[in-house]
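First comes the structure, then the notes that go with it.
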Amino acid sequence: MSELLGLAERIAGQALPGEQLEAYVARGRSTSVRAYRGEVEALTQAESAGVGVRVVVDGRQGFASAGTLDEGVIADTLAEARDNARFGEPDPWYGLAEPDGVAPPSLELYRPSVAAIPTARKVELAIELERLVTAGDPRIIGVRTASYGDGAGEAAVATSTGIAVASRATSCWLSASALAADGGETQTGHGVDVGRDLDSLDLEATAAEAVSRATRMLGARKAPSQRLTVVLEPRVTAAFLGIIGGMLSGERVLKGRSPFADRLGEEIASPLLTLVDDATDPRSLGADTHDGEGLATRRIPLIGSGVLRSFLHDTYTARRAGAVSTASAVRGYASTPAVGAHALQIEPGTRSAAEVLAEAGDGLLVQSVSGLHSGVNPVSGDFSVGVEGLRIRGGELAEPVREVTIASALQRMLRDVVAVGADLEWEHDGTAGVSLALRDVSLSGS
Amino acid sequence: MATAVSASATISSASPDRPGSRGTRVQYDRRDGLGQRAQEPRSEPSGASVRFLRPGPSEGRRASGLVIDESVLQRALGAALRTGGDFAEVFVEDRRGTSAYLDDGKVEEVTSSRSRGAGIRVVVGETTGFAHTADLGEAGLLAAAEAAAAVARQGGGGTRAVALSARAVAPEGSVAIPPAGVAKARKVELLKRADEAARAEGGAIRQVAASYGDSWRSILVANSEGLLAGDQQVKTLFRVSCVATGDTGMQTGHESVGHTVGFELFERYHVDDLARRAARRALTKLTARPAPSGTMPVVLRSGGGGVLFHEACGHGLEADLVAKSASVFRGRVGELVASPLVTLVDDGTMSGEWGAISIDDEGHPAQRNVLIRDGVLTDFMWDRLRARQEGRAGSGNGRRQSYQHLPMVRMTNTYVLDGADDPDEIVRQTDRGVYVAQLGGGQVNTASGDFVFGMTEAYLIEDGVLTEPLREGNLIGNGPEVLRNIDAIGDDFAMGSPGTCGKDGQGVPVGDGQPTLRVTALTVGGTAG
């Protein structure tokens, strides 16, 4: 890690007079094993590294990146970033982050045990996952994928303005996609588990999740068009949170592309809803001590009991908005920092998932959503997405439903929350969802 | 759970995209700030081929990447097979790109990227070992070969010598104006022209974003069967997104063009036209009414709905998914799976199109493959691995996102051939339905065939006439059902917008196209009550 930081500092140290220079250096290692029919289908060992160099000079910004840490290429990359800066237009708000005195959270996100997992063990896990899925139900005809994977990543950022930080993290995951068939019909179901190390993964639960999600969809039919209460499963809620997080980005707000732009301090959601972005929460895979510009991360209250409390800012949007950066710069080495959420989470309610269903009475439990990236307009907030799931009748799960869409506007959806589950579930992108009941959603079907 | 996202297609993948590695978090960057789909190619268009370049002294100012001695490739292949693999392959890639982005009235930044490395795979039986390295020196290649060979450790292969013989690939098209030789100032100028043209469409246009991207990609494939093939691929892309503000709130309009060509793209397309079209789409939507809900006839305008076929059947015709029973089309070759009006083709040879390649990423020459002829399923698409398992020839559909990825079956340009109907007549003969002028992204569950995609420009058809514009809604349906329910196909074929197809977390550039056609019944998921 100190090696990467040293490299970043050496690059940033080459700033010319009147020039701000930032180097972001990252390196990662990962392994994944995919099992198929009791054998290894593919075993991948990957190492990658890269550097991104940002230059700000005379109010202009230039950037270049390279997928290597080779010294010669780094020199070229720096020269290219300087050249690119000549062609951007000046903007008084451009500038690198400067140390702001906020102490980084104390987080241990790196588990040395991950590097010590023998390859044979990884192979075993993938094969066992596939076996458990296939044995889980007589209607399971196979798996599309059954995989184990792990990775370790480290990153350092240094600037000529005094930033010099580094961090590292590990992660492990299991993923299974089951195929269930009955009477010529095939359905799929996914099971996923993620964690910082092997101990936090649950093989049986991941397999069982894939099996039950696939088999319970057998016999699914279209439902008639209607308005009804929908209950989003935690992973579906998390997917919507990602989009809502985008609408709270300072960038969108400044550029007039957020429907929430002028609504700070107003009630924009049900009082049941509290939303934070908290990269200091080690339970999230999005947790980190620093953001992509090197500022210490902090807990950001976005919506508190329905009231809009804050937007997300990086250094640029904060300066331009006359605010303070919330340390919400996200990036890889191949891109300049941009505003994003690290670890969005809804404050869990007090009801179990079953109680949320009971409260819904009659409605639809949504187990998966498709077309989220084509069916949601994050500028207007309108959305229409394909869903599948199970009918809720008398507070209990009933027959499966497929090939229907639900539609609303995200602004309305936030207000229509009628129950928040206690069943917090962490997703691989760092977001945490809970069961969420929404009233009066329009469903299109037969 | 879709970790893969794309402009024209996505099939969801349950595999987390390497959590823990940096830069995979939820990101709302400036490039998708306009509701311009996050799934569209980001800064660097990537992908297909323009002309064949033999490894060795290279052409062009920037073509300096892939000079690797043949004997080094042979030693790497030998090392990969040392533990007893049946097949080994070295894939080398060098990629450079430039992009420029304008937003909020100013050119925010110009970005350059460079990436090169090699991916080495070893196949033993049904098992593949894969490792990649950014070190193209002999030591780096040998280390990656050893790592990939680890999957076959139980065997004992001994040293095998591999003789490489270059396969000639006919030059397909050529780059008239290599983007690398064009001054950055000219690229930036295009953005400003687009901004001005869009804003000139009216004061309701409040936001304009435009992006320019070019990429140069050189690949080299060597394998243990003696194949040695190379290619150079140049792509150029331009996109405009507008936000219009009115009584109904904010509405967006997009337009993009991308081709496997150089800077001459801008001789064929004028950025001000593109910008005006994007602006008008946004303005039209200000007066649009919510889309209706329910099942009804849908007419797709030529070039605006090819993604439907990419999703509705293209993915289901990929041999890897078929082999795993994850396709509704499994075991149905020779059967009538679509209306007899439908002939569906996947064609990597369409020179200059966004999904064009001259060789695939396994060194196989591009082909034109008829998948469905007059409604009858004729064949699937194949990569090397699946073709070998079935004892047949590949089809030129083995593609990968980069040297860091394993190849798998992917589409190139997927399209429906012309029919005999008059496009205007198709609309006139539709009493009530939806006319879709442009579709957005989509997603399919290949196992069930269920798909969904967004309409980005659509109108109501009433008594055979287009009436009101509709706000965004989704179309949802089932692939085989839609194919059977096509009852009219026009004679006005056109290709659609450039897309990136996501599958198992890998994105590759793809094209699609179709003539005007009608689906008798599709579910429209609108926002009207």
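Quick notes
- Rg/Rh ratio calculated on Cα atoms of the stretch A:222-296 (Kirkwood radius): 1.05
- Averaged over the residues of peptide B:472-480, the number of Cβ atoms from other protein chains lying within 10 Å of each residue's Cβ is 6.
- Across peptide A:382-391, the mean count of Cβ atoms from other chains lying within 10 Å of each residue's own Cβ comes to 6.
- Annotation for the stretch A:86-125: trypsin sites (Lys or Arg not before Pro) lying in DSSP loop with at most 10 further Cβ atoms inside 10 Å of their Cβ do not exist.
- Axis angle, to the nearest 10 degrees, between helix A:2-12 and the longest C-alpha principal axis of chain A: 50 degrees.
- Largest first, the extents of the alpha carbon coordinates of the protein assembly as shown on the three principal axes equal 69, 68, 59 Å.
- Computed accessible area, B:Ser402, all protein chains, 1.4 angstrom probe, square angstrom: 20 Å²
- Reduced Cα scattering model of the stretch A:268-372, Debye log10 I(q)/I(0), q = 0.10, 0.20 Å⁻¹: -0.39, -1.07
- With 10 Å bins from 0: P(r) over the stretch A:91-250, alpha-carbon pairs, percent: 9, 23, 27, 21, 13, 7, 1
- Each Lys and Arg contributes +1 and each Asp and Glu -1, all at the Cβ; summed about the Cα centre of chain A, the dipole is approximately 820 debye.
- Cross-link table B:Lys324/B:Lys503; B:Lys192/B:Lys235; A:Lys222/B:Lys324; A:Lys222/B:Lys285, entries beyond 23 Å C-alpha to C-alpha: A:Lys222/B:Lys324; A:Lys222/B:Lys285
- ³J(HN,Hα) computed for each position of the stretch A:426-441 - Karplus, 6.51 cos²θ - 1.76 cosθ + 1.60, integer Hz, glycine/proline x: 8, 9, 5, 8, x, 8, 10, x, 9, 5, 9, 9, 10, 8, 6, 9
- Along the axis of the charge dipole computed for chain A (Cβ charges of +1 for Lys and Arg, -1 for Asp and Glu, origin at the Cα centre), the listed residues A:Val55, A:Leu414, A:Val401 are led at the positive end by A:Val401.
- The stretch A:88-193: chymotrypsin sites (Phe, Trp or Tyr not before Pro) in DSSP loop, at most 14 other beta carbons within 10 Å: A:Trp93
- Restricted to Cα atoms, the stretch A:1-57 shows a radius of gyration and a Dmax of 18.6, 62 angstrom.
- Helix-only mean residue ellipticity at 222 nm for chain A, each DSSP H run of n ≥ 4 adding -39500 (n - 2.57), per residue, nearest 500: -6500 deg cm²/dmol
- Exposed loop sites are taken as GluC sites (Glu not before Pro) in a DSSP loop (any state but H, G, I, E or B) with at most 16 other beta carbon atoms within 10 Å; the longest stretch of chain A without one runs A:267-446.
- A viscosity of 1.002 mPa s and a temperature of 20 °C, combined with the Kirkwood radius over Cα pairs in Stokes-Einstein, give a translational diffusion coefficient for chain A of 91 µm²/s.
- The apolar share of the surface of the protein assembly as shown, taken as the fraction of accessible area on carbon and sulfur atoms (1.4 Å probe, ligands and nucleic acids excluded), comes to 49 percent.
- Cα-centre dipole for the protein assembly as shown with unit charges at Cβ (Lys and Arg positive, Asp and Glu negative), debye to 20: 540 debye
- Full extension of the segment from B:Thr378 to B:Ala161, taken as 0.36 nm per residue of separation minus the current Cα-Cα distance, would add 74.2 nm.
- Over all pairs of different C-alpha atoms, the stretch B:213-354 has a mean inverse distance whose reciprocal, the Kirkwood radius, equals 19.6 Å.
- Integer Hz, Karplus 6.51/-1.76/1.60 couplings in order for the stretch A:265-270, x for Gly and Pro: x, 8, 7, 10, 9, 4
- Here the relative contact order of the stretch B:278-373, from alpha carbon pairs under 8 Å that lie six or more residues apart, stands at 18 percent.
- Average Cα contact separation per residue, the stretch A:319-446, under 8 Å, 6 or more apart, as relative contact order %: 25 percent
- Helix A:119-135 vs. chain A, principal-axis angle (Cα, 0 to 90°, nearest 10): 30 degrees
- The amide H of B:Thr295, built 1.01 Å from its N in the peptide plane, has B:Val524 as neighbours under 5 Å, considering only residues 5 or more places off or on other chains.
- The share of alpha-carbon pairs in the stretch B:376-441 lying farther apart than 15 Å comes to 71%.
- Loss of accessible area when A meets B, both sides summed, Å² nearest 100, probe 1.4 Å: 8400 Å²
- Pairwise Cα distances in the stretch A:292-446 exceed 29 Å for 28 percent of all pairs.
- Solvent-accessible area per residue for the stretch A:276-362 (1.4 angstrom probe, square angstrom): 30 Å²
- With the simple model of a label 7 Å out from the Cα in the direction of the Cβ, B:Ala521 to B:Ala393 spans 4.2 nm.
- The residues of the stretch B:352-409 have, on average, 30 Å² of accessible surface per residue, using a 1.4 Å probe with all protein chains present.
- Counted over the stretch B:485-529 with a bin width of 5 Å, the fraction of Cα pairs per bin, in whole percents, is 5, 16, 14, 14, 19, 20, 11, 2.
- Length-normalised contact order of the stretch A:140-199 in % [C-alpha pairs under 8 Å, at least 6 apart]: 35 percent
- Phi to ³J(HN,Hα) by Karplus 6.51 cos²θ - 1.76 cosθ + 1.60 over the stretch B:241-257, Hz, x for Gly, Pro: 10, 10, 10, 10, 10, x, 4, 8, x, 9, 10, 10, x, 10, 8, 8, 10
The values are calculated or read from the model by the stated rules, or taken from the named source; none is laboratory data. It should be emphasised that the depicted structure is a prediction, and the values quoted were computed from it without experimental measurement. With ideal geometry, Cβ positions are generated from the backbone for all residues, glycine too; neighbour counts draw on all protein chains shown. Heads up: the accessible areas ignore ligands, DNA and RNA and are worked out on the full protein's heavy atoms, side chains in. Shrake-Rupley method; radii C 1.70, N 1.55, O 1.52, S 1.80 Å.
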